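Q: Next up is a structure, given as structure tokens.
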Amino acid sequence: MNSQEPGTKPGKKTTRQPQPAYDGVTERPVIIGRQINIGGVSQEQLKAIMGARDGNPHAYLELGIVAFNGKNYSEALRYFEQALALKPDYANAWHNRGSALHNLGRYQEAVASYDKAIAIDPKDALAWYNRGVSLGNLKRYDEAVASYDTALAIDPKDALAWYNRGIALRKIGREREAEQSFQKARELDKK
């Protein structure tokens, strides 16, 4: 399912793919920050089209997104790091680096990348959300709740962020608040 995410530019898509987390409960995973729809274009064609060899950080970001979507997270990470070598203040590259690291199981490093993205663009609800997912995988549920709270302050209509907040609250024994989060998720999901 493709949907417009907060913090992305119009016409840019993100991909949602359920994955098990929090002891096997299926939830929304980390999501790449910004993505293009280039159906059928190979990485080699994309390199030629975008001039990645010319030191264009945006080209490296897009190549990383292609690799990420192909589930080649190590290669995606290399491209995101190349983009950052050229443009260290590139919030979207930091965010996507975090998503690649998360999918490689390197959650602490993912959190650090999301922190860099957030320092540059504190209104990126998706980076806050993804930070919460990585913190949850580290079993740092209080911090995960705080990240979801910030994401929801930016985008209060994100049903899946409400749902994941409920999971994290349940993990720390705040059952009543968890149920309220699940209820809010259900209400928003119906819309």
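The values are calculated or read from the model by the stated rules, or taken from the named source; none is laboratory data. Not measured: the values here are computed from a predicted model. In this analysis, Cβ positions are derived from the backbone assuming ideal geometry, glycine residues included, and neighbour counts consider all displayed protein chains.
Q: How many residues are more than 19 Å from H102 (Cα to Cα) and touching a strand residue (DSSP E or B) at 6+ places or on another chain (Cβ under 9 Å) when one looks only at the range 136-169?
A: 1
Q: Sticking with this one: Can you list the helices (runs of 4 or more DSSP H) lying wholly within the range 125-191 that have 1 or more residues being under 23 Å from A112 (Cα atoms) and small (G, A, S)?
A: The qualifying helices (runs of 4 or more DSSP H) are 125-137, 141-154, 159-171.
Q: Is it the case that G24 is modelled with pLDDT under 50, surrounded by 18 or more Cβ atoms within 10 Å (Cβ to Cβ) and on the phi > 0 side of the Ramachandran plot?
A: No: the conditions fail for G24.
Q: Do you know which of the residues in the range 63-78 that are within 15 Å of the chain's Cα centre (by Cα) and of a type outside the set (A, V, I, L, M, F, W, C) is surrounded by the most Cβ atoms within 10 Å (Cβ to Cβ)?
A: The qualifying residue surrounded by the most Cβ atoms within 10 Å (Cβ to Cβ) is G64.
Q: When the range 140-187 is examined, which residues are found to be buried (at least 20 other Cβ atoms within 10 Å of the Cβ), among the small types (G, A, S) and under 19 Å from V111 (Cα atoms)?
A: Within the range 140-187, A144, S147, A151, A161, A168 meet the criteria.
Q: So, in the range 100-118, how many residues would count as being without any contact (Cβ under 8 Å) to a residue 40 or more places away in the chain and part of a helix (DSSP H, G or I)?
A: Selection size over the range 100-118: 12.
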